Amino acid sequence: MQVYLPIAELSLDVFLLLGLGGLIGFLSGLFGVGGGFLMTPLLIFIGVPPAIAVATQSTHVVASSVSGVLAHWKRGNVDVKMGVILLCGGFVGSTLGVGMFTLLRSIGQIDLVISLSYVVLLGTLGVMLMLEGARALLRRRGQGRTGKLHSHNWAHGLPLKTRFRKSRLYISALVPLAIGFGVGVISSLMGVGGGFILVPLMIYVLGMPTTVVIGTSLFQIIFVSANVTFLQASQNQAVDLVLALLLVLGGVIGAQFGGRLGARLPGDLLRLLLGLLILSVGAKLLVDLLVPPHDIYSLGLT
């Protein structure tokens, strides 16, 4: 059953798009990520232009994150104070990022930048998460106990310290503000919620418990992705509403199931699985960049 996507200018199967939305929604609730790091490459793989995939994906991130955060909110796993500070930085970063997106698109380099950004970030984070998750599992099995919740690092010596009771932290507000800014820029350039970067940073830099990280990251992702969607639609006219609607329908349902399963799995195992998933997507994008295309030349807008 084919449906025509007016902005992407191609026809795709309805059930394929609904299935992709449901799969990414499930992963969003399971790992506490927006799912864009996986959805955007998948849309590109099935023929959606990268610029349209990036802009439209933001709408799916909003919907799946709302559904996922509701499941975590009921369990008390959302640090609202931390989320608001991350959100302040995210709004500024995402606004700047959309401006960079517009500039790169105007000079014809946005597709290459998107692909290279995914390869570098997914490869690096995938390896880091897999190694840390494996080490944590080995420590727990070998010692029969877990280590400290977090260790002090350079971030704990900065000014403007604030107490985050839900996360049991007393750190500088500048650190989550800077993290939110960086994630906002990446979200607008890569069409992602930024959770695959935000989650590791909240765990290893801020020292937040994994159970609180997932719900809080989804809380921040909702508003930053909504800002990106609005700016992409108004400045670049790159949001395909038909494609977005189909992805949202599947994503909202999938996120509920992912949130329930994620609450039952240990945090160390979740990090290991997320690292493996991120690394797999990055490897596929790298292969696509290195393998020569069947059609070397193609027509496109300048």
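Read-outs: derived from the displayed coordinates by stated rules, not from any lab. Note that the structure is a prediction, hence the values are computed from the model and not measured. Don't worry about glycine lacking a Cβ; one is built from the backbone with ideal geometry, like all the others, and counts go over all protein chains shown.
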Which distance in nm do the two modelled labels at residue 128 and residue 75 give, with both placed 7 Å along the Cα-to-Cβ direction?
-> 2.4
Burial order of peptide ranges 76-88, 4-16 (average beta-carbon count within 10 Å, highest first) | 76-88, 4-16
Which ³J(HN,Hα) values, rounded to whole Hz and listed in residue order, are derived for the stretch 167-175 from phi using the Karplus coefficients 6.51, -1.76 and 1.60 in 6.51 cos²θ - 1.76 cosθ + 1.60 with θ = phi - 60°, glycine and proline given as x?
-> 8, 6, 10, 9, 9, 5, 5, 5, 5
Note, ³J(HN,Hα) from phi for the stretch 82-91, Karplus 6.51, -1.76, 1.60, rounded to Hz, x at Gly and Pro = 5, x, 5, 5, 4, 5, 4, x, x, 5
Using modelled backbone amide H atoms (1.01 Å from N, in-plane), which distant-in-sequence or interchain residues come within less than 5 Å of residue 161's amide H?
-> 173
Once you put a point 7 Å from the Cα of residue 13 and another 7 Å from the Cα of residue 237, both along the Cβ direction, what distance in nm separates them?
-> 3.3
Per-residue ³J(HN,Hα) for the stretch 210-219, Karplus 6.51 cos²θ - 1.76 cosθ + 1.60, θ = phi - 60°, Hz, x for Gly and Pro = 4, 5, 7, 4, 4, x, 5, 5, 5, 4
For a quick protection proxy, order the peptides 46-57, 116-127 by their average other-Cβ count within 10 Å, most packed first.
-> 46-57, 116-127
Given backbone amide H placed at 1.01 Å from N, residues whose amide H is under 5 Å from that of residue 12, ignoring those fewer than 5 places away on the same chain, are 3, 5
Counting only residues 5 or more places away or on other chains, whose amide H sits under 5 Å from the amide H of residue 79 once H atoms are built in the peptide plane?
-> 216
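Report the FRET efficiency, 1/(1 + (r/R0)^6), for residue 139 and residue 92, where r is their Cβ-Cβ distance and R0 is 41 Å, rounded to 0.05.
0.60
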Determine, for each peptide in 89-99, 175-185, the mean count of other beta carbons within 10 angstrom over its residues, then list the peptides with the highest first.
-> 175-185, 89-99
